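J.: Handing you a structure now.
The values are calculated or read from the model by the stated rules, or taken from the named source; none is laboratory data. Treat the numbers as computed from the prediction; the structure is a model and nothing was measured. When we count neighbours, we look across all protein chains shown, and the Cβ atoms used for this are built from the backbone with ideal geometry, even at glycine. All accessible areas refer to the heavy atoms of the entire protein, side chains included, with ligands and DNA or RNA removed. Shrake-Rupley method; radii C 1.70, N 1.55, O 1.52, S 1.80 Å.
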Amino acid sequence: MVAPSPTHTPRPLKWVAPEVAYSDGSFLSVGPEIVSVLKQAAARSPRKRCRLCFHAGPESAQQEMLIVMHRDSYVRPHRHFGKVETLMVVDGEADALIFDEAGHVTDNIPMTAPGAGGHFFYRMPTETFHTLRFKSEWFVFIETTIGPFTTASSEGAVWAPPETDPQVGNAFLAALKSGR
């Protein structure tokens with residue numbers, strides 16, 4: 001057996017937007033240096049987020065992403081049609097909020113990295129309204145779903161502020177009471 005190389009140089013990333021990079025779909029390992037690059041890009045982004053897509057493009061059948069979100073980022077509550085989503089925490093803290101059709105919180109799950117006391121993984125069923133409320137400066141996670149990616153496969157909640165004003169969105173999330 002050959003020992004792995006102690007210095008693996010990742011393939012160059014293909015930036016398709018200020019907050020979205022793709023690999024070429026081949027082998028890619030991730031360490032602190034990649035997370036740092038994503039955080040730097042997120043800090044420059046108006047929405048304060050960035051993702052590295054491990055799959056080769058939006059048409060890929062399996063969608064696997066490393067996502068970094070700054071505390072000031074806001075993700076509008078939304079749901080996916082015909083797609084399950086999984087999330088595994090790498091670093092940081094957030095609340096995963098689950099909503100009913102009317103926008104009432106039905107569950108508030110504390111999410112943390114493994115060993116930090118919270119839940120580190122979820123599987124979100126299709127057609128379930130959900131979002132994340134960020135508690136740490138940075139929240140880093142792996143998200144998977146099936147492709148291809150289309151905007152028609154998701155719906156933002158009409159009862160929640162749009163993502164165009166993160167301050168209003170975060171104030172909305174901060175005011176929510178737990179349904180637990």
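J.: Tell me, what is the percent relative contact order of the chain, built from C-alpha pairs under 8 Å that lie six or more residues apart? It would help to have the intermediate numbers written out before the result.
T.: Working: 399 pairs, mean separation 43.0, N = 180.
Normalised by residue count, the contact order of the chain is 24 percent.
J.: Between 0 and 90 degrees, rounded to the nearest ten: what's the tilt of helix 32-44 against the longest Cα principal axis of the chain?
T.: Between the helix axis and the principal axis of the chain, the angle is about 50 degrees.
J.: If I model a spin label as a point 7 Å beyond the Cα along the Cα-Cβ vector, how far apart are those points for PHE149 and LYS177 in nm?
T.: The modelled label-to-label distance comes out at 3.8 nm.
J.: Between region 24-47 and region 58-116, what's the alpha-carbon centroid distance in Å?
T.: Here the answer is 18 Å between Cα centres.
J.: Could you give the dipole magnitude of the chain about its Cα centre, charging the beta-carbon of Lys and Arg +1 and that of Asp and Glu -1, in debye to the nearest 20? List each step's numbers first, then the result.
T.: Values: 17 positive and 19 negative charges, 59 e Å.
In debye, rounded to 20, the chain gives about 280.
J.: Then there's this: Relative to the compact globular guide of 2.2 N^0.38 Å, what is the alpha carbon radius of gyration of region 1-145, as a ratio?
T.: Computed over Cα atoms of region 1-145, the ratio equals 1.09.
J.: Just to confirm a number: summing +1 for Lys and Arg and -1 for Asp and Glu over residues other than MET88 whose beta-carbon lies under 15 angstrom from that of MET88, what do you get? Each step should come with its number before you reach the end.
T.: Working: positive: ARG51, ARG123; negative: GLU64, GLU85, ASP91, GLU93, GLU143.
Surrounding charge for MET88 is -3.
J.: Follow-up question, since we're still on this one. Taking the Cα atoms only, what angle lies between the long axis of helix 166-175 and the longest principal axis of the chain, rounded to 10 degrees?
T.: Between helix and principal axis, roughly 60 degrees.
J.: Let me ask you something else. Could you put PHE172, PHE141, PHE81 in order of accessible surface area, largest first, with the 1.4 Å probe and the full protein assembly present?
T.: PHE81, PHE172, PHE141
J.: So if we plug the beta-carbon distance of VAL37 and ASP165 into 1/(1 + (r/R0)^6) with R0 = 25 Å, what FRET efficiency do we get, rounded to 0.05?
T.: The value I calculate is 0.35.
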